[in-house]
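Asker: Okay, here's the structure, questions in a sec.
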Amino acid sequence: MYLLLVNPEAGNKRFGKIKTRLLKTLERLAVKFSLVELPNLVDLHEVVSAHLKPSTTGIVVVGGNATVNTVINEVADQGVPLGIIPVGKTNYLAHSLGIKNWQIACRVLADPDTQARRLGKIGKHYFVGQLEILSHQNLLGKYLRKESFVKKFLGTSTAPRRTPSVNAEIKIDDELQIRGVLHKLSVKLNDERGNKKLRLELMTDSSKNVTKLWGDEIEIEGDKKMPVLMGNETVAHTPVEIKGSSKYIDLLTLKKPVKLTKKPKK
Amino acid sequence: MAKTRADFADFNNPDTIIGRGVVVEGTLQTAGDIQINGEFKGKLVTEKDVVVGEHAIVDADINGQNVYVAGEVRGDINAFEKIEILETGKVDGNVAASALSIESGGILKGTSTMHEVEAERPETEPTYEVQEVKADETVEPDTTSS
């Protein structure tokens, strides 16, 4: 029996639009579940404590990135496998597991495989996979670079200005101190068992100029605040402390890659 | 075989790289290859190879298996196998290795010490083998060989 935790607000209240179809699909696939709606993620701890039973085979999050991250923090210590039904605008973790839509997620729940993924900690929160830290200017630059088609057609479009980067200071395990102009920084968890090291890749001016280092604890700060992104979602801001953890979480995944095809119209 | 300049551009995809424009201070201890293209101050220890790129400035003692210097090193280098100072390389410190090469243009300001290498012993085939003989058995002399 799965415990489905639904965020009805995720992805512009998308759950409401697919609710009937989703429940019918789960019923058709003989998936047993109990469903709890969580309009307020603050009550998560109480909800999980009240509904988690010995017969619960997995906790399934129905929502986007924000809901998944919040639930991971709650589930990390419970030892229960975690499933995801992506209904939000973005769901980085579900996509990385090959679960691209709610239909595939239903198939996963009917015939699941489990994949252990290492957990990292950013501040007090857990994360899975990879984090990216970009300078504000770069994020803003993405929007500013969207020039009008008319300007481009008339040839009056200006070349994109080189966005200034942030002077950053990074400490690794209290042993190394790194100073440089940060353009982009990625922190990836090492999935190798027994090795909780984090892989840090710092890009200064261009992608060819990379600094690669390893560490268990990384402290990052800059002369300006920088967002820390997981997928497309901002999970924190600098100054920030990122740690590799020896903890794992079991994620429900596909046994084989599934390709869904539309039924031909009669 | 000595590495060419082109090899330094992509050095076997090293585990640790310090890029240009980045300043790193402290103790860097790793089991993999290290490539430095930026600035490093402190101590550098690895079980594998170290490459100091053409624009790199290293103010540290280096310990590694092979050390290739195309940039500037201020400190002692101790290589288990080989140290190569390339034409653009400059070392201001003492070096110790089993083999040392300095290209024309390369600078070494310091002393060099060579590690002693144990001479290889040639393998020899046994000229005879001793057969185990039980107490109550007698060994027949081999009459087939002349």
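The values are calculated or read from the model by the stated rules, or taken from the named source; none is laboratory data. Here the structure is a predicted model, which is why all the values come from computation and not from measurement. Cβ sites come from the backbone with ideal geometry, for glycine too, and all protein chains shown count toward neighbours.
Asker: Residues in the stretch A:208-256 that are among the aliphatic types (A, V, I, L, M), more than 21 Å from A:N69 (Cβ to Cβ) and part of a strand (DSSP E or B): how many? Lay out the reasoning, then the answer.
Answerer: Taking the stretch A:208-256 first, the residues among the aliphatic types (A, V, I, L, M) are A:210, A:213, A:218, A:220, A:226, A:228-230, A:235-236, A:240, A:242, A:249, A:251-252, A:254.
Keeping just the survivors that are more than 21 Å from A:N69 (Cβ to Cβ) gives A:210, A:213, A:254.
Imposing the further condition that a residue be part of a strand (DSSP E or B) reduces the set to A:210, A:213.
Total satisfying the criteria: 2.
Asker: Has the stretch A:171-183 got at least one residue that is at pLDDT 85 or above and more than 10 Å from chain B (Cβ to nearest Cβ)?
Answerer: No, because not a single residue in the stretch A:171-183 is at pLDDT 85 or above and more than 10 Å from chain B (Cβ to nearest Cβ).
Asker: Would you say A:E27 is among the acidic types (D, E) and surrounded by 15 or more Cβ atoms within 10 Å (Cβ to Cβ)?
Answerer: Judged against the criteria, A:E27 is not a match.
Asker: So, B:Q29, is that one touching a residue at least 12 places away in the same chain (Cβ under 8 Å) and within 10 Å of another protein chain (Cβ to nearest Cβ) or not?
Answerer: The answer is yes for B:Q29.
Asker: In the list B:E81, B:E87, which residue meets the criterion of being in a loop (DSSP other than H, G, I, E, B), modelled with pLDDT under 95 and away from every other protein chain (no Cβ under 14 Å)?
Answerer: Within the list B:E81, B:E87, the selection yields B:E87.
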